[in-house]
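**Q** Here it is, the structure in full.
We did not get these values from a lab; they are worked out from the coordinates using the rules stated. Since the model is a prediction, treat every value here as computed from it, not as a measurement. So basically every Cβ, Gly included, is an ideal-geometry build from the backbone, and we count neighbours across all protein chains shown.
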Number of protein chains: 4
Amino acid sequence: MTKNRIRDYGINIGILKTGKNNSITDVKGVKVGHCTLNDGDIKTGVTAVIPHEGNIFREKLIAAAHVINGFGKTTGIIQINELGTLETPIILTNTLSVGCASEALVEYMLKNNADIGVTTGTVNPVVCECNDGYLNDIRGMHVKKEHVLESIRSADVLFEEGAVGAGTGMSCYELKGGIGTASRIIEIGNNTYTLGVLVLTNFGLKQDLIVDGTKVGRTIDSSIPKNESEKGSCIIIVATDIPLLHRQLRRVCKRTSIGLGRTGSFMGNGSGEIVIGFSTANKINHYDSEDVMNIKVIRDDKINTVFRAVIESTEEAVLNSLICAETTKGRDGHVRYSLKEYKI
Amino acid sequence: MTKNRIRDYGINIGILKTGKNNSITDVKGVKVGHCTLNDGDIKTGVTAVIPHEGNIFREKLIAAAHVINGFGKTTGIIQINELGTLETPIILTNTLSVGCASEALVEYMLKNNADIGVTTGTVNPVVCECNDGYLNDIRGMHVKKEHVLESIRSADVLFEEGAVGAGTGMSCYELKGGIGTASRIIEIGNNTYTLGVLVLTNFGLKQDLIVDGTKVGRTIDSSIPKNESEKGSCIIIVATDIPLLHRQLRRVCKRTSIGLGRTGSFMGNGSGEIVIGFSTANKINHYDSEDVMNIKVIRDDKINTVFRAVIESTEEAVLNSLICAETTKGRDGHVRYSLKEYKI
Amino acid sequence: MTKNRIRDYGINIGILKTGKNNSITDVKGVKVGHCTLNDGDIKTGVTAVIPHEGNIFREKLIAAAHVINGFGKTTGIIQINELGTLETPIILTNTLSVGCASEALVEYMLKNNADIGVTTGTVNPVVCECNDGYLNDIRGMHVKKEHVLESIRSADVLFEEGAVGAGTGMSCYELKGGIGTASRIIEIGNNTYTLGVLVLTNFGLKQDLIVDGTKVGRTIDSSIPKNESEKGSCIIIVATDIPLLHRQLRRVCKRTSIGLGRTGSFMGNGSGEIVIGFSTANKINHYDSEDVMNIKVIRDDKINTVFRAVIESTEEAVLNSLICAETTKGRDGHVRYSLKEYKI
Amino acid sequence: MTKNRIRDYGINIGILKTGKNNSITDVKGVKVGHCTLNDGDIKTGVTAVIPHEGNIFREKLIAAAHVINGFGKTTGIIQINELGTLETPIILTNTLSVGCASEALVEYMLKNNADIGVTTGTVNPVVCECNDGYLNDIRGMHVKKEHVLESIRSADVLFEEGAVGAGTGMSCYELKGGIGTASRIIEIGNNTYTLGVLVLTNFGLKQDLIVDGTKVGRTIDSSIPKNESEKGSCIIIVATDIPLLHRQLRRVCKRTSIGLGRTGSFMGNGSGEIVIGFSTANKINHYDSEDVMNIKVIRDDKINTVFRAVIESTEEAVLNSLICAETTKGRDGHVRYSLKEYKI
C-alpha cells in the first residue's frame, strides 16, 4: 500500500480504531490478489479475495449475501443464502467476464479437490462484477482463465488499491474508481475482533460525491445531475472474525448501504450493488463425523458495534478506492480523472 | 404548520424542489390526522395517514412494504407485499397499543363497509409502531379505540409535526423526536409528479446526529456513544402520484435507508425500521367486471429521480421531526430536549 | 383425544414413526389450549400454543416464519425473522380478532414480566388467524381478551382436535376444518428427536381433497371446481427439539407446503398460509452476562429426515383436522359437513 | 415428440385441458432446442428456451424467479427479480458448465446486439443447471460454447423430451430423468390463455415416486429410503401468454412446488430447485420514447386457475421427463433405468 489513502488527507471516517493495515486483510487469514489488464482500450482485470488459508471447500465459512440493488450478475449468492456457507474464493471482474471467471474458478476448485463431482457434490463458484465499459473494451472479453488464476496466486496480505485488478477500468462518481479497503477494531466484552471491507466501486454521479459530510461533488461540478444516466455498480465484501451466524451476517451486510449513502450514492436504478459477508470464527467441515456442531455466536444485543464498524469501513473503503486511483484514459479516448486532482 | 421547520434554519436538503407545503399531503388526496395524549406520565398518541379521499377498501392503491430492520411489530405488511395493495388508512401509535389500534381500525372499516366479512372477505389493517417507553408510561396502554378514530376524523392537508400524535412520546438521537414530513416535485418527461414522506422518528444516539453533512451530534455530546444502548425505531410512509408498480415501490421504499443514514442512523439492532409506500396513480377496484386491467407504469430507467426524491424527503422529514418537537418531560422525570435548544 | 383420528381409519401417512400422542405436544414442554365460542351464529374461538414451560420472554427460543401465501394478517413474524427468536406463546384466532388477541397477549406478557416497557424493551406478540366468516358472525368480533387468557390457561399436553378453539368455525375443502396435529420421531446418528405440527385449516375446494393419494374430493363432488371462489387460509405451527438455526427452521417451514399440496391445496390466491417454527433445543436468555453463546446446530446434510418429518406431519395434521371435526351449522344457516360423513 | 408420454399410459394429471402439443411451446413464440452430448462417460448437453421470436434484448418480457431450494448455481435471477424482466434465452446445462454457457450466451447476445457494452449497458445471461455427475463425467467439463449455440439454433416448436439436451445425464427418483414438458389451457372471462412448463429433473429417491397419487416408488423399491443421500435439483421454466406482473409471476412460480411434491419430492437439502417464469403478454422495449407505459394485468382474484394450471403442468412435466427418458448407462458403469421398464 504505497499510495496515499484518504486518512493521509486528514480525513478520518467515524470513531472506531482501524486495524493494523486498515484493510480487509487485517482479518486473520484473508488475502487479496489482483491481475491487471491495462493496454490501450483494454482496461480491466480480476481481483480475488481468499477467505482463509486452508482448503475453503473442505472448511467452509459461515457467510451471507445481501442484494442492495439487483441490477447485477453476481453468481453464487443463492446457495450462500440457502446453506449459509462460502466454499470458494470470491472473484471480482467485469460484467461480461463472469462466465469465464466462473469457469476458471471451477477448474481451480476441481484441481484442488479430486472429490468434487465424483464422490461428493459440485461446487458453488462466487463471482462478482461491475461494468467497466466506459473505459474498457468490455465487448472484447479480454479476461482469460489464466488471469483469474493469476489473481488467486498473487493473493497476499498487502495489496494495492485504486485502478488495479477488477478495478482497473471502473468509474466512481464519474471519477476514477476501483478497489478500496478499510477495517475496524471492535471491542465486545473482553474480546477484540476485526472487521474489514473491500469494495469495487463503479457507481455515482460527480455532483453527488460526499467526502466525510462535505458535498465535494457540488464543488467539482455545480451543474444539475442527469439522474437518468446513473449506471454502474458496487461490490462489497465484508470479512470478520466475530462469530456471526448467517442471519447476523445478512444484517451486517445490509448496513453497508448506509456507508455507500454517506459517500453520495442513491442506489441508482442501473447500479448492481451486492454485498457478501463471511466470518472466519466458525469453520464448517465438508466432511464430519458429528451430526451436531457447536457454533459460537455473538448475542444480537451486542451487534451494534459491528454495524457501526461495517458502515465506517464501507464509507472509508469507497473513499480509498477513489483517492488511490490514478487518472485513466481508456476506450475511445474516454477519461476518468482521479479524485486526487481535485481539492477535497 | 405553525412551527419553524428545518428550512427556516437555512438548511435545504438536496437539490430537488419541494412541494407546496413540503409535506406528504402535497400528494393529492393524502391527509394526516393526530390524536395526542399528553398528561403527566402519559406521553403518547395516534397518527393516521389517509391514502385518498374515497373508500380505500373499494378503491385500493398499489402499495409495497420494506423492512429495513425487523425489530418491530408493524402489522399488515405480509398482505401488502403479497397482493401489492393497501386497503385501509395507515395508523401509527406506540408498540403496546398496536392491538388496540388494529381492533379500532377493523371496527372503522366494518362500519364503512357492510360487505366485509359477510359477502366479501376480511380486511387487512395496517398499524405501525415505535416504542415511546422512555417518556411514556407505555405499560399503561393508554391509547383507546376512540383515540384511533379521532386521529382518522381529524385528518387534513395541514397537520402538525414534532411531539404530536404518535410522536408525542418519541425520542430521536436522544433528543425529542416525533412526526416529520417533507416532499419533492419530480419532473419526468413532460409530466410533473409529487412524492412525500412522513416519518415517526424514535431512534439514534445523540453523538451520531448529522445535519446536512455536519456532525452536529459530536458538538452536542462529545463522549463516546454506548452502542449497546441504541434502541428505538423509525416508521416511514411514502406517498406519490407517480405510477409505480409494487416492485418499483419496494425499490423506492428501500432507498429511504440512505436518507436515514445521512442523519446519522446505523440501523441499530433494536430499531424497527419499516417503510410503507403507496401510489395514488392507479386504483384497484375491489369489485370489477373486467378480468384484465390496464395499469400505468413508469419505466424503470426513469426511476432515478424518484429515488433521489425519496432520499431527500426522508432526510428532511427526520430533521423536521426533530426541529419541530418541543422539549418534553415525561415518565419518571425523563426529559428529551428539543434540537431547537442547540446551535445547529 | 377421544375422537377418532385419521390413523383409526387405516390411513398412515408416510413412513416415519409417530410420537407418543402423534401430536405437537410430543415435543417436550409444548402445550396447547383452547377456548371455544359456540353459540348460534357465534362459531369461533382461540387456540394457544405454549412453546415451553418456563418464562418464554426470559428464555426465548430460536424460531423462524415462512409465508407460503401472504393473503393473511398474522402478526409478529417480521421480528421473528429479524432476530430469529420467539418470545411469547402463539395465539390463533379469527381474522378480525387479531387486534384483541394481540392486546390480550401483550397484557399477559406485561403481567408476567414487570421489566417489559420499563427497564427493558417491549414484546413481540405472535397472533395467527384464519377467516371463519362462513360459519361465524365474524363481524360481531366475539372474541374477548378473557378468551385469549382462557386458551393460555387451559394449555395442556392433551388437547382436542377439529371444531374447537380457533378451529370452531373454520372450513377446509368446503368441509368442516379446524385444529389438527401430528408428529414424527426422527433418528439422526445416535440421537432421537421429535417434530410436531399443529394446523388451523381453513382452505381448499371440496373437489380437490386428496386423502393419502386418493382423490376423495372428486368422489364427494364430481362437478368442476369454481377456482375463483377459493378463499381461506392455513396456519401451520412446527415445534421440534432438533437443534436448528433460524435459517434451517425456515427451510423446514418451507417444506410444509408439500404436505398441504398432498391434501389437495393449490395455495389459492385468497388463502393466507403462514408457517411458524421453533426449536426447543437452544434457549436464548433475554438477560445474559456472556457476549458469546454456544449454540448446538444440526448439520444441513443431515436435515433431509427433518424435511420428511415436517411434510408427513403437515399432511396428517390436515387430515386430522378434517376427520376430527364434527358437522357444524353456523351463521345464516351455513353448514359444513364432517369428512366423517363421507366414505374415505 | 415421437416417444410415448405419460398420457399415453392413461394417466391424466388434473382437470384442465392441455394445449395443442401439451408443451411449453404451446405458448405462442416459445421454442426449445437441444444439443446432446452422449458418448461413453460423456452424458450431458444443453437445452435452450427461446422466450419469443423477436430480439429479446430489445423487447424484454416481464419475468420472475423463485428459489424453492437454493442449493443451486443458476445465474441471472437477481436481476430478473429486481427489474422484473428477462432479456436473453434461458440456457440449461450441467452444474460445472454454467460458466461456459454463460460466456457463450453473452457472446451470442453481443453478436446480435452491437449496442451492448458500447452505447447501452451490459446483458444479464440466464443459465440454469443440475448436477448430472452420477451418469456424466462432469469434471471433464465437456460442454463447449458451440454446444450452447447449437441448442439455440436448433430451437423449435417440436422438441424431444427425456434423456436429451441438458437432460442427457440427469437422474430423477433414481431413475432416468431429464427434460419434460406439459401445458394447460386457461379460460378467464371470455379469453383463452395458455401456460406451459418445461422441467429439467434431477432429484428424488426411488421409494418416494408418486404417479398421480399412486405410490409407485414403494412398489419399485420397498426398502427404507436413505434420506441423507437425496441430492439433485430441478429447474422449472414457466411460460404463459396471460398478462401477469412480476409479483404475480412470482406467485405462479411458487406454486410449482406443489406439482413437484405430488410426484414425491420433499425439496431435499441438496436439491437446487429454481423456477423462472415469464409472460409474453407485455413487451418492454429496451429503447422507448415514452416514460409511462400501459401494461395489461390480470386481476389477482382471477389468478386461481393459473395456479391450478402451473401445478398440473409441473406434475405432468416431471412424469413426462421420466417416462420419455431411455435407460442410460454412463460414467463408471452407473445405470439409470427408465420408468418405462416398470409397471405403473
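**Q** For peptide D:260-269, compute the average count of partner chain beta-carbon atoms within 10 Å of each residue's beta-carbon.
**A** On the way: counts 2, 9, 6, 0, 2, 5, 13, 8, 5, 13.
Average neighbour count from other chains, rounded to a whole number: 6.
**Q** Separate question: Given axes a ≥ b ≥ c from the Cα gyration tensor, I'd like to know whether the stretch A:63-201 is rounded (a/c under 1.5), prolate (a/b larger than b/c) or oblate.
**A** Working: a/c = 1.60, a/b = 1.02, b/c = 1.56.
Oblate, since a/c reaches 1.5 and b/c is not below a/b.
**Q** Taking the Cα centre of chain D as the origin and placing charges on Cβ (Lys, Arg +1; Asp, Glu -1), which of D:V148, D:I42, D:Y287 is farthest toward the positive end of the dipole?
**A** Final value for the positive-end residue is D:I42.
**Q** Here is a follow-up. Hey, with R₀ at 22 Å, roughly what FRET efficiency would A:N21 and A:T192 work out to, going by the Cβ-Cβ distance, to 0.05?
**A** Values: r = 16 Å, r/R0 = 0.72.
So, using R0 = 22 Å, E works out to roughly 0.90.
**Q** Hey, what did chain A get for relative contact order, percent, Cα under 8 Å, at least 6 apart? Kindly include the intermediate steps, with their values, before the conclusion.
**A** Numbers: 948 pairs, mean separation 87.9, N = 344.
Answer for chain A is 26 percent.
**Q** Rounded to the nearest whole Å³, what is the per residue volume of the convex hull around the Cα atoms of the stretch C:279-344? Spell out each step's value before the answer.
**A** Numbers: hull volume 10.6 nm³, N = 66.
Convex hull of Cα atoms, per residue: 161 Å³.
**Q** Hey, can you grab everything whose amide H is under 5 Å from the amide H of C:L245? Only 5+ residues off in sequence or another chain; H modelled, so Pro and N-termini drop out.
**A** C:I298
**Q** In addition: Where the centroid of each part is defined by its Cα atoms, how far is the stretch D:75-104 from the stretch B:176-195 in Å?
**A** 38 Å
**Q** Further question: Would you kindly derive the ³J(HN,Hα) couplings of the stretch A:75-87 from the backbone phi angles with the Karplus curve 6.51 cos²θ - 1.76 cosθ + 1.60 (θ = phi - 60°), listing them in order in whole Hz, with x for Gly and Pro?
**A** 10, x, 7, 4, 6, 4, 7, 7, 9, x, 9, 10, 10
**Q** If you plug each phi of the stretch A:124-135 into the Karplus form 6.51 cos²θ - 1.76 cosθ + 1.60 with θ = phi - 60°, what whole-Hz ³J(HN,Hα) values come out, in order, with x for Gly and Pro?
**A** Rounded to whole hertz, the list is 9, x, 10, 10, 10, 8, 9, 8, 9, x, 5, 9.
**Q** Now for a separate question. Under 10 Å, Cα contacts only: if you run a Gaussian network model on chain C, which one of C:Y287, C:Y134, C:Y173 comes out with the highest mean-square fluctuation?
**A** C:Y287
**Q** Between C:H286, C:H34, C:H66, where does the largest GNM mean-square fluctuation fall for chain C, given springs only between Cα atoms within less than 10 Å?
**A** C:H286
**Q** Let me ask something else. Let me have the relative contact order for the stretch D:231-344, percent, based on Cα pairs under 8 Å that are six or more residues apart.
**A** 32 percent
**Q** Next question. Could you list D:S257, B:S338, D:S229 in order of exposure, starting from the residue whose Cβ has the fewest other Cβ atoms within 10 Å? Display every interim value, and only then the final one.
**A** Details: D:S257 27, B:S338 18, D:S229 12.
With the fewest neighbours first, D:S257, B:S338, D:S229 line up as D:S229, B:S338, D:S257.
**Q** Also, I was wondering about something else. May I ask you to derive the relative contact order of the stretch C:218-285, considering only C-alpha pairs under 8 Å and at least 6 residues apart, and to give it as an integer percent? Numbers along the way, then the final one.
**A** Values: 68 pairs, mean separation 35.0, N = 68.
Result for the stretch C:218-285 is 51 percent.
**Q** Apply 1/(1 + (r/R0)^6) to the Cβ-Cβ distance of A:K329 and A:E146, taking R0 = 41 Å, and write down the FRET efficiency to the nearest 0.05. Please report the intermediate quantities before stating the final value.
**A** Working: r = 26 Å, r/R0 = 0.63.
Once rounded, the FRET efficiency stands at 0.95.
**Q** Something else now. Taking the Cα centre of the stretch B:140-216 as origin, work out the dipole magnitude from +1 charges on Lys and Arg Cβ and -1 charges on Asp and Glu Cβ, in debye rounded to 20.
**A** For this selection, approximately 200 debye.
**Q** Sticking with this one: Karplus couplings for the stretch A:235-244 from phi (6.51 cos²θ - 1.76 cosθ + 1.60, θ = phi - 60°), rounded to Hz, Gly and Pro as x?
**A** In residue order, the calculated couplings are 9, 10, 10, 10, 10, 7, 9, 6, x, 10 Hz.
**Q** Going by amide H atoms built from the backbone, whose H comes under 5 Å of the H on C:T85, apart from near neighbours?
**A** So C:T85 has HN proximity to C:A63.
**Q** Counting Lys +1, Arg +1, Asp -1, Glu -1, what net charge surrounds D:K60 among other residues with beta carbon under 10 Å of its beta carbon?
**A** On the way: positive: D:R58, D:K283; negative: D:E59, D:E87.
Local net charge: 0.
**Q** Out of the stretch A:114-148, which trypsin sites (Lys or Arg not before Pro) are coil in DSSP terms and have no more than 16 other C-beta atoms within 10 Å?
**A** A:K144
**Q** Would you grab the residues whose amide H sits under 5 Å from the one on B:C234? Only those 5+ places off in sequence or on another chain, please, with H modelled 1.01 Å from N.
**A** Here B:G272, B:E273, B:I274 satisfy the definition.
**Q** A further question on this structure: Shape call for chain C from the C-alpha gyration tensor, a ≥ b ≥ c root eigenvalues: rounded (a/c under 1.5), prolate (a/b greater than b/c) or oblate? Walk me through the numbers on the way to the answer.
**A** Numbers: a/c = 1.89, a/b = 1.27, b/c = 1.49.
Oblate.
**Q** Loop only per DSSP, at most 16 neighbouring Cβ atoms within 10 Å: give me the GluC sites (Glu not before Pro) in the stretch A:271-320, ordered by residue number. Mind dumping the intermediate values first?
**A** Details: sites: A:E273, A:E290, A:E312, A:E315, A:E316; in loops: A:E290.
Listed in order of number, the matching sites are A:E290.
**Q** Moving on to the next point. Suppose each label sits 7 Å from its Cα in the direction of the beta carbon; what would the A:T219-B:N4 distance come out to in nanometres?
**A** Distance between label points: 2.9 nm.
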